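In what follows, a structure is listed as structure tokens, so that the remarks can point back to it.
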Amino acid sequence: MKIDLHVHTDASDGTEPVSVVFDRAKDLGLDVLAITDHDTVAHWAASAEASVRTGLGFVPGIEITTRAVFTGEDGHTHK
């Protein structure tokens with residue numbers, strides 16, 4: 001089983017819409033995608049639809065931007 005657990009779409013800093021991402025993943029022989037756009041879950045409904053259409057599994061995710069209290073540095077948390 002081939003799985004990519006960290007994929008971004010044009011809902012954050014990716015370049016392609018969800019439908020194109022799922023089509024490309026299918027072409028590449030992947031079985032499951034986790035769409036983990038930055039600070040948004042706006043892609044979840046479209047991803048669920050694309051999952052059904054392509055037959056690929058879908059893991060809903062998000063990459064949350066964080067800021068260290070003492071240093072002010074940005075970071076990311078994946079859920």
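For the reader, a short list of remarks on this structure follows.
- Selection from the range 46-61 of residues that are surrounded by 19 or more Cβ atoms within 10 Å (Cβ to Cβ) and under 11 Å from the mean Cα position of the chain (by Cα): S47, F58, G61
- Of the residues making up the range 46-58, just one is assigned to a loop (DSSP other than H, G, I, E, B) and either closer than 15 Å to L5 by Cα or in contact (Cβ under 8 Å) with a residue 40 or more places away in the chain (or both), namely L56.
Residues are listed down the side, and each one gets a yes or a no for (1) touching a strand residue (DSSP E or B) at 6+ places or on another chain (Cβ under 9 Å); (2) at pLDDT 95 or above:
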{"residue": "I3", "(1), (2)": "yes, yes"}
{"residue": "T9", "(1), (2)": "yes, yes"}
{"residue": "D13", "(1), (2)": "yes, no"}
{"residue": "E16", "(1), (2)": "no, yes"}
{"residue": "S19", "(1), (2)": "no, yes"}
{"residue": "L33", "(1), (2)": "yes, yes"}
{"residue": "G55", "(1), (2)": "no, yes"}
{"residue": "I64", "(1), (2)": "yes, no"}
{"residue": "R67", "(1), (2)": "yes, no"}
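- Matching residues, the range 7-45, being outside any loop (DSSP other than H, G, I, E, B) and in contact with a helix residue (DSSP H, G or I) (Cβ under 8 Å, 6 or more places away or on another chain): V7, V18, S19, V21, F22, D23, A25, K26, L33, I35
- Residues considered: V18, V7, V32. Of these, the only one that is surrounded by 15 or more Cβ atoms within 10 Å (Cβ to Cβ), under 15 Å from L56 (Cα atoms) and in contact with a Leu (Cβ under 6 Å, 6 or more places away or on another chain) is V7.
The values are calculated or read from the model by the stated rules, or taken from the named source; none is laboratory data. Predicted model, so just to flag it, every value in this text is computed and none were measured. Note: ideal-geometry Cβ built from the backbone for every residue, glycine included; neighbour counts use all protein chains shown.
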